[in-house]
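Input: one structure, supplied below.
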Amino acid sequence: MSDEAIQRKIKDYLEKLRRKMPDTFETDDLLEDLEAHIKEAYQNKSLMNPEDDKIMLIEQVLDDVGEPEFIAEEFDKATISEDESEDKINQIFRTTMRYLFTGIIIIAAAWFVASLPDSIIDFWTALIVLFVFVAAESLLRNWERGESKRIETEIKK
Amino acid sequence: MQGLNLLKRTTSFEEGWKVEIRRGLLQYAVLAIVKRHETGIHGYGIARELDERTDGLLEVKEGTLYPILHRLKKERLLNVHTEKSEAGPSRKMYVLTGEGDRVYGALSIILGSIFEKLEALRK
């Protein structure tokens, strides 16, 4: 069996993997690493088993490397974990900003209501009432979000 | 039939548990292997050493090491330099960064403590 057939097997494998990966610089990097790995593993196997069929050897190497689907999945998980840690910092910032903004709006609205001519409600009562409304709305929204996440998870299962 | 179902469920539970625990341990194992090679080690070398030194305990498909190496590199725990390879394209040599060394030390303490506590639980 010619070297050309071996090269084709490696190329097909890497192409199959590329199709399952995002089109990014990181994918190119990973494919380059895997190509070097496959070639080195194949060379070592050939040296240790010079009598064995070359196609069988490259198939063993590719089997040791793993199914393209499996590698793509692992890559995805590694990337998701990175994104999650970045997301957490962003989420803390977003939540802080949201509470700050909501607080300012509540104070401004309470002040506006209390300063209307002939207003029967004072600033502190307006502040408490608005705060209760906002808290209730926020609880309801969180509950709805939790429900849709639960349904999504059940659908995935 | 019920016994078969129970066996099936237990096996899949064990498999799932193994998958969950393996990913974290694999990151630690990779750091441990890279630490042993001050001048650097390439991906294929890591795969070989992992298999030989753990007797294949972690049942790693070699290709799955690269997403982990990529992650550790991105977290700045590993540094990379290239070296010419006899087999073809130049290959990447991985070395531990100062931060990688610190993290490896910290993880070793955490793991030691976990195993110690688990051992105490079993008694």
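Give the residue, chosen from A:Glu40, A:Glu74, that is at the interface with chain B (Cβ under 8 Å from one of its Cβ atoms) and within 19 Å of B:Lys73 (Cα to Cα).
Only one candidate qualifies: A:Glu74.
Filter the range A:1-37 for residues that are of a type in the set (Gly, Ala, Ser) and either within 18 Å of A:Glu67 (Cβ to Cβ) or facing chain B (nearest Cβ under 10 Å) (or both) and give the result.
Scanning the range A:1-37 gives a single hit, A:Ala36.
While we're on this one: Could you tell me which numbered condition B:Tyr66 fails, if it satisfies all but one of (1) surrounded by 17 or more Cβ atoms within 10 Å (Cβ to Cβ); (2) outside any helix (DSSP H, G or I)?
Of (1) surrounded by 17 or more Cβ atoms within 10 Å (Cβ to Cβ); (2) outside any helix (DSSP H, G or I), only one is false for B:Tyr66: (2).
Could you please find all residues in the range B:51-63 being in a helix (DSSP H, G or I) and within 12 Å of another protein chain (Cβ to nearest Cβ)?
Answer for the range B:51-63, where residues must be in a helix (DSSP H, G or I) and within 12 Å of another protein chain (Cβ to nearest Cβ): B:Asp51, B:Glu62, B:Gly63.
Taking interchain pairs and intrachain pairs at least six residues apart, which have beta carbon atoms under 9 angstrom, with the first residue in the range A:95-116 and more than 21 Å from A:Asn142 (Cα to Cα) and the second not in a helix (DSSP H, G or I)?
Here the result reads A:Ala110/A:Ile121; A:Val113/A:Ser119; A:Val113/A:Ile121; A:Ala114/A:Ile121; A:Ala114/A:Asp122, each pair linking the range A:95-116 to a residue that is not in a helix (DSSP H, G or I).
Going by the conditions given, is B:His37 in contact with a strand residue (DSSP E or B) (Cβ under 6 Å, 6 or more places away or on another chain) and either at pLDDT 90 or above or within 14 Å of chain A (Cβ to nearest Cβ) (or both)?
no
Right, next: Do we have B:Arg48 as closer than 14 Å to B:Gln27 by Cα, crowded, with 16+ Cβ neighbours inside 10 Å, within 12 Å of chain A (Cβ to nearest Cβ) and basic (Lys, Arg) here? Before the answer, list the steps.
Numbers: closer than 14 Å to B:Gln27 by Cα: no; crowded, with 16+ Cβ neighbours inside 10 Å: yes; within 12 Å of chain A (Cβ to nearest Cβ): yes; basic (Lys, Arg): yes.
For B:Arg48, the condition - closer than 14 Å to B:Gln27 by Cα, crowded, with 16+ Cβ neighbours inside 10 Å, within 12 Å of chain A (Cβ to nearest Cβ) and basic (Lys, Arg) - is not met.
The values are calculated or read from the model by the stated rules, or taken from the named source; none is laboratory data. Note that this is a predicted model, so its numbers are computed, not measured. Neighbour counts are summed over all protein chains in view; Cβ atoms, including those assigned to glycine, are modelled from backbone coordinates with ideal geometry.
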